[in-house]
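K.L.:
Next up is a structure, given as structure tokens.
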């Protein structure tokens, strides 16, 4: 009887080794959130770091066996079409600064890593219409975003068309007194305008969105999913614990990378979680 059970189990493993292997494995996925990278010390703060600090991060991650995954790979893993490395992580860049193109992309290519940049549609439109192209001051144009997406080192995702603000709405939250129907209409229109802008300028995006300031409400995920998005990034500083059998819309937390601490100090908590 024992031999028969063993034979059945062996046959199941041969038929579906990937399914059996991944269903039992929970994946820890830490995500870093960068914003602007600047050579000007006067700009360094909680959301602006130097190119040297960024390279120090990549050097640490590379030397400690971390492997970057992109949005497409994460979504493929969710459906069983991609196997996660032993120590996966994600790099994200909010707001679509031109420094992502000038400083981050070449360093990522050098170290064999990937990332995803969240661009604001209305800001891409603004910098497409002007002649200002300074990595210390400018944001990506539509042309920049399209070229970056085509090269594949950094994927491009949504940061809304024009909800990156802290006025009445505060990111993707409802305005005070706004009904659920009115909110759904407003957010759907914003996201559709973003998608139309990408299509008009040939920007191939991944189906993910970074909520501005990490602010959203109970209805946000459903609206984003209805517009075709499958994943959203927040600003909750937590290591994401994921299972391959999880279905539906993913919501990922991220660690903001401030100026100051070295790579070893910043990533120490990650190492402890994998030990």
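The values are calculated or read from the model by the stated rules, or taken from the named source; none is laboratory data. Quick caveat: nothing in here was measured; it's all calculated off a predicted structure. Note that we place each Cβ from the backbone using ideal geometry, even for glycine, and neighbour counts take in every protein chain shown.
K.L.:
Looking only at the stretch 163-194, which residues are assigned to a helix (DSSP H, G or I) and surrounded by 18 or more Cβ atoms within 10 Å (Cβ to Cβ)? Steps first, please.
P.N.:
Within the stretch 163-194, the subset assigned to a helix (DSSP H, G or I) is 180-194.
Passing the criteria: 183, 187, 190, 191, 194.
K.L.:
Only one of these is within 15 Å of residue 120 (Cα to Cα) and assigned to a loop (DSSP other than H, G, I, E, B): 156, 203. Name it. Steps first, please.
P.N.:
Working: 156 fails: assigned to a loop (DSSP other than H, G, I, E, B).
Answer to the check: 203.
K.L.:
Say we look at the stretch 72-86 and pick out the residues that are part of a helix (DSSP H, G or I) and free of Cβ contacts under 8 Å to residues at least 60 places away in the same chain; which of these is surrounded by the fewest Cβ atoms within 10 Å (Cβ to Cβ)?
P.N.:
Filtering the stretch 72-86 for residues that are part of a helix (DSSP H, G or I) and free of Cβ contacts under 8 Å to residues at least 60 places away in the same chain, the one surrounded by the fewest Cβ atoms within 10 Å (Cβ to Cβ) comes out as 76.
K.L.:
Which one is nearest to residue 215 (Cα to Cα) among residues in the stretch 144-153 that are in contact with a helix residue (DSSP H, G or I) (Cβ under 7 Å, 6 or more places away or on another chain) and either at pLDDT below 95 or outside any loop (DSSP other than H, G, I, E, B) (or both)?
P.N.:
Filtering the stretch 144-153 down to residues in contact with a helix residue (DSSP H, G or I) (Cβ under 7 Å, 6 or more places away or on another chain) leaves 144-145, 148, 153.
Remaining after also requiring either at pLDDT below 95 or outside any loop (DSSP other than H, G, I, E, B) (or both): 144-145, 148.
Numbers: 144: 27, 145: 24, 148: 27 Å.
If we take residues in the stretch 144-153 being in contact with a helix residue (DSSP H, G or I) (Cβ under 7 Å, 6 or more places away or on another chain) and either at pLDDT below 95 or outside any loop (DSSP other than H, G, I, E, B) (or both), then 145 is nearest to residue 215 (Cα to Cα).
K.L.:
Which of the residues belonging to the stretch 44-71 are part of a helix (DSSP H, G or I), touching a strand residue (DSSP E or B) at 6+ places or on another chain (Cβ under 7 Å) and surrounded by fewer than 20 Cβ atoms within 10 Å (Cβ to Cβ)?
P.N.:
51
K.L.:
Give the residue that is nearest to the chain's Cα centre (by Cα), with candidates limited to residues of the stretch 263-275 that are surrounded by fewer than 12 Cβ atoms within 10 Å (Cβ to Cβ) and more than 16 Å from residue 238 (Cβ to Cβ).
P.N.:
The residue in question is 265.
K.L.:
Something else now. Please find, among 177, 197, the residue that is under 27 Å from residue 223 (Cβ atoms) and in contact (Cβ under 8 Å) with a residue 24 or more places away in the chain.
P.N.:
On the way: 177 fails: in contact (Cβ under 8 Å) with a residue 24 or more places away in the chain.
Step by step, each of 177, 197 is checked, and only 197 is under 27 Å from residue 223 (Cβ atoms) and in contact (Cβ under 8 Å) with a residue 24 or more places away in the chain.
K.L.:
Taking the stretch 227-241 as the search range and keeping residues that are out of contact with any helix residue (DSSP H, G or I) (no Cβ under 7 Å at 6 or more places or on another chain) and crowded, with 17+ Cβ neighbours inside 10 Å, which one is farthest from residue 27 (Cα to Cα)?
P.N.:
Step by step, filter the stretch 227-241, then rank; the result is 229.
K.L.:
Further, regarding this structure: Can you tell me which residue among 224, 200, 246 is modelled with pLDDT of 95 or more and surrounded by fewer than 13 Cβ atoms within 10 Å (Cβ to Cβ)?
P.N.:
Values: 224 fails: surrounded by fewer than 13 Cβ atoms within 10 Å (Cβ to Cβ); 246 fails: modelled with pLDDT of 95 or more.
Only one candidate qualifies: 200.
K.L.:
Further question on the same structure: If you scan the stretch 74-95, which residues turn out to be at pLDDT 95 or above and at positive phi?
P.N.:
Of everything in the stretch 74-95, just one residue is at pLDDT 95 or above and at positive phi, namely 95.
K.L.:
Same structure, new question: What number of residues within the stretch 113-134 are in a loop (DSSP other than H, G, I, E, B) and in contact with a strand residue (DSSP E or B) (Cβ under 8 Å, 6 or more places away or on another chain)? Lay out the reasoning, then the answer.
P.N.:
Looking only at the stretch 113-134, we keep the residues that are in a loop (DSSP other than H, G, I, E, B), and these are 113-114, 120, 129-134.
In the following step, the residues that additionally are in contact with a strand residue (DSSP E or B) (Cβ under 8 Å, 6 or more places away or on another chain) were identified as 113-114, 120.
Matching residues across the stretch 113-134 total 3.
K.L.:
Also: Checking the condition at pLDDT 95 or above, outside any helix (DSSP H, G or I) and either touching a helix residue (DSSP H, G or I) at 6+ places or on another chain (Cβ under 7 Å) or under 26 Å from residue 274 (Cα atoms) (or both), which residue from 39, 25 passes?
P.N.:
Working: 25 fails: at pLDDT 95 or above.
Among 39, 25, only 39 is at pLDDT 95 or above, outside any helix (DSSP H, G or I) and either touching a helix residue (DSSP H, G or I) at 6+ places or on another chain (Cβ under 7 Å) or under 26 Å from residue 274 (Cα atoms) (or both).
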